[in-house]
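Q: My structure is below; once you've seen it, I'll send some questions.
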Amino acid sequence: MDTPTTSSQEIKSLLLPLQQHPLLLPMACLAEVIDYIQPESIQEDNHWYLGDIDWRGVTVPLMAFERINEQQFTSHSITTRIAILKKTLTKTPYSFYGLIIQGVPQPLTLGKQDILPSNEVTGPAERRQAIINGLPAIIPNLASVEHKLAGIGNISWQA
(Lines give C-alpha, C1' and ligand atoms only; values in the text may rest on other atoms or scores of the structure.)
Protein backbone atom coordinates (compact mmCIF):
# COMPACT_ATOMS: atom_id res chain seq x y z
CA MET A 1 0.00 0.00 0.00
CA ASP A 2 1.31 3.45 -0.88
CA THR A 3 1.81 5.91 1.90
CA PRO A 4 0.63 9.46 1.31
CA THR A 5 3.28 12.09 0.67
CA THR A 6 3.77 14.34 3.65
CA SER A 7 4.49 18.03 3.38
CA SER A 8 8.06 17.44 4.63
CA GLN A 9 8.69 15.39 1.46
CA GLU A 10 7.39 18.12 -0.83
CA ILE A 11 9.12 21.29 -1.96
CA LYS A 12 7.37 24.49 -2.91
CA SER A 13 8.98 25.27 -6.24
CA LEU A 14 8.82 27.57 -9.23
CA LEU A 15 9.24 27.02 -12.93
CA LEU A 16 10.90 30.16 -14.30
CA PRO A 17 10.20 30.44 -18.04
CA LEU A 18 13.25 30.98 -20.21
CA GLN A 19 13.55 31.13 -23.99
CA GLN A 20 14.05 27.37 -24.18
CA HIS A 21 13.39 25.16 -21.14
CA PRO A 22 12.21 26.59 -17.80
CA LEU A 23 14.35 26.57 -14.68
CA LEU A 24 13.15 24.66 -11.64
CA LEU A 25 14.01 26.42 -8.38
CA PRO A 26 12.86 26.20 -4.77
CA MET A 27 10.40 29.02 -4.10
CA ALA A 28 12.67 30.27 -1.30
CA CYS A 29 15.25 31.40 -3.91
CA LEU A 30 12.93 34.02 -5.39
CA ALA A 31 12.76 37.48 -3.85
CA GLU A 32 10.53 39.13 -6.47
CA VAL A 33 9.60 39.24 -10.15
CA ILE A 34 9.74 42.68 -11.71
CA ASP A 35 9.10 44.19 -15.12
CA TYR A 36 12.10 44.37 -17.42
CA ILE A 37 14.46 47.27 -16.71
CA GLN A 38 17.21 48.19 -19.14
CA PRO A 39 20.49 47.52 -17.28
CA GLU A 40 23.20 50.14 -16.96
CA SER A 41 25.73 49.65 -19.72
CA ILE A 42 28.88 47.81 -18.77
CA GLN A 43 32.45 47.42 -19.92
CA GLU A 44 32.59 43.67 -19.41
CA ASP A 45 33.71 40.84 -21.69
CA ASN A 46 31.28 38.30 -20.24
CA HIS A 47 28.38 38.14 -22.72
CA TRP A 48 26.08 36.58 -20.09
CA TYR A 49 26.46 39.53 -17.70
CA LEU A 50 24.04 42.16 -19.00
CA GLY A 51 24.85 44.95 -16.54
CA ASP A 52 23.40 46.24 -13.28
CA ILE A 53 19.89 47.29 -12.34
CA ASP A 54 18.55 49.20 -9.37
CA TRP A 55 16.12 47.12 -7.31
CA ARG A 56 14.70 48.71 -4.17
CA GLY A 57 17.77 50.91 -3.79
CA VAL A 58 20.20 47.99 -4.23
CA THR A 59 22.48 47.55 -7.24
CA VAL A 60 21.84 44.07 -8.58
CA PRO A 61 23.82 42.27 -11.32
CA LEU A 62 21.64 41.04 -14.22
CA MET A 63 22.42 37.93 -16.22
CA ALA A 64 21.03 35.75 -18.99
CA PHE A 65 21.00 32.09 -17.90
CA GLU A 66 20.94 30.89 -21.51
CA ARG A 67 24.22 32.63 -22.21
CA ILE A 68 25.97 31.41 -19.06
CA ASN A 69 24.74 27.94 -20.03
CA GLU A 70 26.23 28.37 -23.54
CA GLN A 71 22.83 28.45 -25.26
CA GLN A 72 21.38 30.99 -27.64
CA PHE A 73 19.76 34.05 -26.09
CA THR A 74 17.83 36.35 -28.38
CA SER A 75 16.62 39.85 -27.74
CA HIS A 76 14.00 40.69 -25.16
CA SER A 77 10.29 40.35 -25.87
CA ILE A 78 7.15 41.98 -24.53
CA THR A 79 6.90 39.18 -21.92
CA THR A 80 10.45 39.63 -20.60
CA ARG A 81 10.69 40.04 -16.84
CA ILE A 82 13.45 39.89 -14.26
CA ALA A 83 13.48 37.34 -11.45
CA ILE A 84 15.36 38.73 -8.45
CA LEU A 85 17.02 35.75 -6.80
CA LYS A 86 18.51 35.49 -3.32
CA LYS A 87 22.09 34.31 -3.23
CA THR A 88 22.67 30.77 -2.01
CA LEU A 89 26.39 31.06 -1.26
CA THR A 90 27.59 32.89 1.82
CA LYS A 91 30.90 34.21 0.46
CA THR A 92 29.71 36.33 -2.44
CA PRO A 93 29.87 40.12 -2.80
CA TYR A 94 26.12 40.54 -3.36
CA SER A 95 22.87 39.49 -1.69
CA PHE A 96 20.67 39.32 -4.80
CA TYR A 97 21.04 38.94 -8.54
CA GLY A 98 18.69 39.29 -11.47
CA LEU A 99 17.86 36.67 -14.05
CA ILE A 100 16.07 37.39 -17.34
CA ILE A 101 12.89 35.31 -17.64
CA GLN A 102 10.16 35.16 -20.30
CA GLY A 103 6.85 35.54 -18.51
CA VAL A 104 5.43 34.74 -15.11
CA PRO A 105 6.84 31.91 -12.95
CA GLN A 106 4.59 28.91 -12.34
CA PRO A 107 4.37 27.83 -8.68
CA LEU A 108 4.42 24.09 -8.02
CA THR A 109 4.51 21.82 -5.01
CA LEU A 110 6.66 18.86 -5.99
CA GLY A 111 7.49 15.56 -4.39
CA LYS A 112 10.33 13.28 -5.42
CA GLN A 113 7.90 11.27 -7.56
CA ASP A 114 7.04 14.41 -9.61
CA ILE A 115 10.59 14.89 -10.89
CA LEU A 116 11.59 12.39 -13.56
CA PRO A 117 15.14 12.10 -14.90
CA SER A 118 15.89 13.28 -18.42
CA ASN A 119 18.47 11.91 -20.81
CA GLU A 120 19.25 15.37 -22.22
CA VAL A 121 22.83 16.58 -22.23
CA THR A 122 23.37 19.23 -19.57
CA GLY A 123 25.02 22.59 -20.04
CA PRO A 124 27.78 24.05 -17.86
CA ALA A 125 25.30 25.95 -15.62
CA GLU A 126 22.99 22.96 -15.10
CA ARG A 127 22.97 20.46 -12.27
CA ARG A 128 20.68 18.25 -14.38
CA GLN A 129 17.65 18.24 -16.63
CA ALA A 130 14.37 16.70 -15.57
CA ILE A 131 10.81 16.12 -16.71
CA ILE A 132 8.24 18.03 -14.63
CA ASN A 133 4.56 17.42 -15.40
CA GLY A 134 5.57 15.96 -18.76
CA LEU A 135 7.70 18.97 -19.76
CA PRO A 136 11.49 19.32 -19.80
CA ALA A 137 13.01 21.60 -17.18
CA ILE A 138 16.48 22.60 -16.06
CA ILE A 139 17.71 22.26 -12.50
CA PRO A 140 20.42 24.93 -12.40
CA ASN A 141 23.75 24.75 -10.65
CA LEU A 142 23.29 27.97 -8.67
CA ALA A 143 26.68 27.66 -7.01
CA SER A 144 28.38 27.68 -10.41
CA VAL A 145 26.28 30.67 -11.57
CA GLU A 146 27.00 32.62 -8.39
CA HIS A 147 30.75 31.89 -8.58
CA LYS A 148 30.79 33.34 -12.10
CA LEU A 149 28.93 36.43 -10.93
CA ALA A 150 31.33 36.83 -8.01
CA GLY A 151 34.16 36.91 -10.55
CA ILE A 152 32.75 40.09 -12.07
CA GLY A 153 33.43 41.82 -8.75
CA ASN A 154 31.39 45.03 -8.94
CA ILE A 155 32.02 46.71 -5.58
CA SER A 156 28.57 48.34 -5.57
CA TRP A 157 26.90 44.93 -5.10
CA GLN A 158 28.13 44.60 -1.55
CA ALA A 159 25.23 44.50 0.88
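Q: Using the structure shown, list the pairs from 112/148; 87/112; 87/148; 91/112; 12/112 with a Cα-Cα distance above 19 Å, or answer none. Mind showing how you got there, number by number?
A: Working: 112/148 29 Å; 87/112 24 Å; 87/148 12 Å; 91/112 30 Å; 12/112 12 Å.
Where the Cα-Cα span goes over 19 Å, the pairs concerned are 112/148; 87/112; 91/112.
Q: Moving on. Check residue 51: other-chain or 5+ apart residues with amide H under 5 Å from its amide H, H built from backbone geometry?
A: It is 62, by chain and number.
Q: Next up: For the stretch 64-78 and the stretch 94-110, compute the distance between their C-alpha centroids and round to whole Å.
A: Here the two parts' Cα centres lie 15 Å apart.
Q: Separate question: Given the options 41, 57, 73, identify the residue whose Cα lies farthest towards the positive end of the charge dipole of the chain (+1 on Cβ of Lys, Arg; -1 on Cβ of Asp, Glu).
A: 57
Q: So, for the stretch 40-80, what is the accessible surface per residue at a probe of 1.4 Å, expressed in square angstrom?
A: I get 57 Å² per residue for this part.
Q: For the chain, what does the helix formula give at 222 nm: sum of -39500 (n - 2.57) over DSSP H segments with n ≥ 4, over the residue count, nearest 500 deg cm²/dmol?
A: Rounded to the nearest 500, the figure is -2500 deg cm²/dmol.
Q: Let me ask another. What are the ³J(HN,Hα) values, in whole Hz, obtained from phi via the Karplus relation 6.51 cos²θ - 1.76 cosθ + 1.60 with θ = phi - 60°, for each residue of the stretch 96-112 in sequence order, with x given for Gly and Pro?
A: Computed from phi, the couplings for the stretch 96-112 are 9, 8, x, 10, 5, 10, 10, x, 9, x, 9, x, 9, 10, 10, x, 4 Hz.
Q: Can you give me the % of accessible surface on the chain that is carbon or sulfur? Probe 1.4 Å, all protein chains present, nothing else counted.
A: Using a 1.4 Å probe with all protein chains present, the chain comes out at 51 percent carbon and sulfur.
Q: Counting only C-alpha contacts under 8 Å and six or more residues apart, can you give the relative contact order of the chain as a whole percent?
A: Here the relative contact order equals 27 percent.
Q: Using only Cα atoms, what is the ratio of the radius of gyration of the chain to 2.2 N^0.38 Å?
A: 1.07
The values are calculated or read from the model by the stated rules, or taken from the named source; none is laboratory data. Small disclaimer: the values here were computed from a predicted structure and weren't measured. We place every Cβ from the backbone using ideal geometry, glycine too, and count neighbours over all the protein chains shown. Remember, those area values only see protein heavy atoms, side chains included, never the ligands or the DNA or RNA. Shrake-Rupley method; radii C 1.70, N 1.55, O 1.52, S 1.80 Å.
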